[in-house]
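Here's the structure we're looking at; comments come further down.
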Ligand SMILES: [Zn+2]
Ligand SMILES: [Zn+2]
């Protein structure tokens, strides 16, 4: 079990297992959302995620018709993303987890839009945009719902 919380600790959640499909995203959206070179995310099955406290302090940013970002309204920490194309999972920001995971992100995505000043030297897989398998997964899921990938 892991616990995650925002910088001011008002909002806390628990997850049962390590997140899966962990990655770094270097797209311009994630750079702005995090104010950093990249976002670090992991997928968690919805039924394995629960709020411990502070859910009422969450601010929701509806980024587009499919993607919602959740922040602490007090300290601004970016905690969670929900995506209507993937109703089974939520996407946590790995930086808010308090405990050590067995392993970290497995790949980098959107290296094609990384900041010019960023120098990445690690050896895990790098993709210019989303990895192919992720696009296929989203398309299939959206097809089932009758919506298009945005
Ligand atoms: Zn907070
Ligand atoms: Zn991104």
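The values are calculated or read from the model by the stated rules, or taken from the named source; none is laboratory data. Worth saying up front: this structure is predicted, and the values here are computed from it rather than measured. Methodologically, a virtual Cβ is constructed for each residue, glycine included, from the backbone with ideal geometry; neighbour enumeration extends over all protein chains shown.
Identify, from the list 109, 62, the residue that is at pLDDT 95 or above, loosely packed, with under 13 Cβ neighbours inside 10 Å and under 17 Å from the mean Cα position of the chain (by Cα). Testing whether each residue is at pLDDT 95 or above, loosely packed, with under 13 Cβ neighbours inside 10 Å and under 17 Å from the mean Cα position of the chain (by Cα) leaves just 62.
Consider the stretch 72-82 and keep the residues that are more than 10 Å from the chain's Cα centre (by Cα) and in contact (Cβ under 8 Å) with a residue 24 or more places away in the chain. The one that is surrounded by the fewest Cβ atoms within 10 Å (Cβ to Cβ) is 76. Filtered by the rule that a residue be in a strand (DSSP E or B) and within 16 Å of ligand 1 (Cβ to nearest atom), the stretch 31-42 gives no residues. Criterion applied to 39, 35, 76 was being touching a helix residue (DSSP H, G or I) at 6+ places or on another chain (Cβ under 8 Å) and at pLDDT 95 or above, and the one residue passing it is 39. The set of residues in the stretch 36-66 that are within 16 Å of ligand 2 (Cβ to nearest atom) and without any contact (Cβ under 8 Å) to a residue 40 or more places away in the chain comprises 36, 61, 63. Filtering the stretch 37-57 down to residues that are over 14 Å from residue 92 (Cβ atoms) and surrounded by 15 or more Cβ atoms within 10 Å (Cβ to Cβ), which residue is nearest to the chain's Cα centre (by Cα)? If we take residues in the stretch 37-57 being over 14 Å from residue 92 (Cβ atoms) and surrounded by 15 or more Cβ atoms within 10 Å (Cβ to Cβ), then 38 is nearest to the chain's Cα centre (by Cα). Within the stretch 5-30, which residues are over 22 Å from residue 58 (Cβ atoms), more than 16 Å from ligand 2 (Cβ to nearest atom) and outside any strand (DSSP E or B)? Correct list: 17, 18.
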